[in-house]
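Laboratory data are not the source of any read-out in this text; all were calculated from the coordinates shown. Everything quoted here is computed from the prediction, not taken from an experiment. Positions of Cβ are backbone-derived with ideal geometry, glycine not excepted, and every protein chain shown enters the neighbour counts.
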Amino acid sequence: MLESMCGRGPDSAGFAIYNDEAPEGWIKVSLQHPDFAYDWRKLVSRVESRCGAPVNLKKKSTHALLVVPTDETTLRVALAELDRDVTILSVGRRIQIMKETGTPREVVERFGVREMAGTHAIGHTRMATESAVSTAGSHPFSTGMDLCLVHNGSLSNHNRLRENLKKDGIEFRTENDTEVAAGYFTWRLRQGMSLREALEASLEDIDGFYTFAIGTAEGFAVLRDPIACKPAVMAETDDYVAMASEYRALIGLPGIDFARLWEPEPGIVYSWSRA
Amino acid sequence: MKIVDLAVSSVRELNAALHEARGDPSRWRVLTPGGAHAVAVGLNAPVTVEIEGHVGYYCAGMNQLATVVVEGNCGTGVAENMMSGLVHVKGNASQSAGATAHGGLLIIDGDASARCGISMKGVDIVVKGSVGHMSAFMGQAGNLVVCGNAGDALGDSIYEARLFVRGEVASLGADCVKKEMLPKHLEWLAAVLEKSGANAKPEEFTRYGSARNLYNFKVDHASSY
């Protein structure tokens, strides 16, 4: 799907895949360190001594997937103390995020995405317009437990919004506009809003052009800016729901010739849950 | 009939072949469009092109004389800047259908999304379904006929295009007003509805157009500009 969208953005790519659930009381954490030779075992043994329990580690390229018997906050505090150069790409019980600079094909091959399976997934290929081409600037962005965001567009009030969110304790690593949207949703969800409420509130608070796709533990949500500057097309069959920027990206899907194809209306929150 | 399969040929090859068909009223069938952009663009001969499936952006853009039939949906900007000829979309059209088009007829059997007929300059557009917001924005000439409903801000900042809507209008844009339907309008509507194969009666439509208040700068209107 992403290869046909490469012309829209070939500089970096990323995937969020929702698969096997971590046991009750455990979390899955996707981590990244720029050094291929980074000593993940050393980090893991330090995390283990903090948690007092064994931690499951899977390494791939610059990424590591940890399954840890702790909660999100404890882990974030621990990692911030242990190594500031390690980036948390996702936290949840089902989500795993992989993202890097390069074309979708390169990123797929680097992380063996073809061999992976799950209930649902979100992919993104980026053409940077607002900020640097980097792993941290790639999508999807984590927005909380089992949540992630991908964005097509550019936000115009992200600098002001970033400053306001910082005052409320949201941390940012880049100058990227989408990271601000992700931070905004994290902040709204922390306030106790549901995802739908947070998305509806964003219509007021986030200014600019966007199609957002938000992955959740159970499914995904879509929101387009009220002016409809950015595209989206949906395909629905009895077996699946798929969303893309363009129909071209959907043509490889099974049964697409018989799918119900439609455009999400601007300014309306849509969401789907797996059966 | 000439058949071009876009699973085998490139869009560039198809368009080049169509451009060479000057003055030749040939018939073409395009297979496996797969949502490709710029299919059958810049035609300038009375050819007929049938496209079997969905196309991407700017299909039949800049069309002159040709008839282009899309047996599926269209992405953004179908028939943009059309000069003459006929473009018939059998499915739905995305945003900015018929944008800036100077002439010809664009028929959309399904719905068209936002900004249908934006800056239209003489084209006739018949949408059998509904249109999205800001349709006919800054329309300068031509006719937009909507058999279903129109979204917000219909005809915003319109100059002289005529708008006919059968269903509900969510809201009218700046300087767009309801207008009286005269016999000449009913007559014109009857003809274009028949030509388009639209199952609607002229009397069911309401006409909208420019109040012409934004034509000249008036300081009292400063907040409206």
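Just a few scattered comments:
- Farthest positive-ward along chain A dipole, Cα basis, beta-carbon charges - from A:GLY118, A:TRP26, A:LEU155: A:TRP26
- The range B:2-211: relative contact order in percent, alpha carbon pairs under 8 Å with at least 6 residues between: 10
- Degrees between helix A:158-167 axis and first principal axis of chain A (Cα, 0 to 90, nearest 10): 40
- Cleavage-rule hits, trypsin sites (Lys or Arg not before Pro), the range B:1-47, DSSP coil, Cβ neighbours within 10 Å at most 12: B:ARG22
- Amide H contacts under 5 Å for B:ARG115, placed H, 5+ residues apart: B:SER96, B:GLY132, B:HIS133, B:MET134, B:SER135
- In terms of distances greater than 18 angstrom between alpha carbons, the cross-link table entries B:LYS90/B:LYS121; B:LYS121/B:LYS218; A:LYS28/A:LYS60 yield B:LYS90/B:LYS121; B:LYS121/B:LYS218.
- With θ taken as phi - 60° and the Karplus curve 6.51 cos²θ - 1.76 cosθ + 1.60 applied, the whole-hertz 3J(HN,Hα) list for the range B:77-91 is x, 5, 6, 5, 6, 4, 9, 6, x, 9, 10, 10, 9, 7, x Hz, x standing for glycine and proline.
- Three-way shape call for the protein assembly as shown based on the alpha-carbon gyration tensor, with the a/c threshold at 1.5: prolate
- Computed magnitude of the charge dipole of the range B:2-211 (debye, nearest 20; Cβ of K, R +1, Cβ of D, E -1): 220
- Inter-chain shielding of A:238-250 (mean C-beta neighbours from other protein chains, 10 Å cut-off): 3
- The range B:38-62 residues near the modelled B:ALA141 label - backbone nitrogen below 20 Å, point 7 Å along Cα→Cβ: B:62
- Normalised by the number of residues in the range A:21-93, the average gap of Cα pairs under 8 Å and 6 or more apart makes the relative contact order 49 percent.
- About the Cα centre, charge dipole magnitude for the range B:1-80 (Lys/Arg +1, Asp/Glu -1 at Cβ), debye: 100
- Distant-in-sequence amide H partners of A:HIS120 (H built 1.01 Å from N, under 5 Å): A:TYR18
- Within chain A, helix-based [θ] at 222 nm, where runs of 4 or more DSSP H residues each add -39,500 (n - 2.57), nearest 500: -7500 deg cm²/dmol
- Residues whose placed amide H lies under 5 Å from that of B:GLY104, excluding near-sequence neighbours: B:GLY85, B:ASP124
- Degrees between helix B:183-196 axis and first principal axis of chain B (Cα, 0 to 90, nearest 10): 20
- Taking θ as phi - 60° and the Karplus parameters 6.51, -1.76 and 1.60, the scalar couplings of the range A:253-263 work out to 6, x, x, 5, 5, 10, 6, 7, 9, 7, 9 Hz in sequence order, x denoting glycine and proline.
- Charge dipole (debye, nearest 20) of chain A; +1 at Cβ of Lys and Arg, -1 at Cβ of Asp and Glu: 640
- Which of A:HIS139, A:VAL269, A:VAL47, positive extreme of dipole for chain A (C-beta unit charges): A:VAL47
- Expressed as a fraction of 2.2 N^0.38 Å, the C-alpha radius of gyration for the range A:21-93 is 0.98.
- Each residue of the range A:34-46 was assigned a 3J(HN,Hα) from its phi angle through the Karplus curve 6.51 cos²θ - 1.76 cosθ + 1.60 (θ = phi - 60°); the sequence is x, 8, 4, 8, 4, 8, 5, 4, 5, 4, 4, 5, 6 Hz, with glycine and proline shown as x.
- Cα gyration tensor, the range A:206-275 - rounded (a/c under 1.5), prolate or oblate: oblate
- Euclidean distance of C-alpha centroids, the range A:125-176 and the range A:231-275, integer Å: 25
- Where both bridge residues fall in the protein assembly as shown, DSSP classifies roughly 60% of the beta bridges as antiparallel.
- For the residues of A:65-78, the average number of beta carbons from a partner chain within 10 Å of their own beta carbon is 0.
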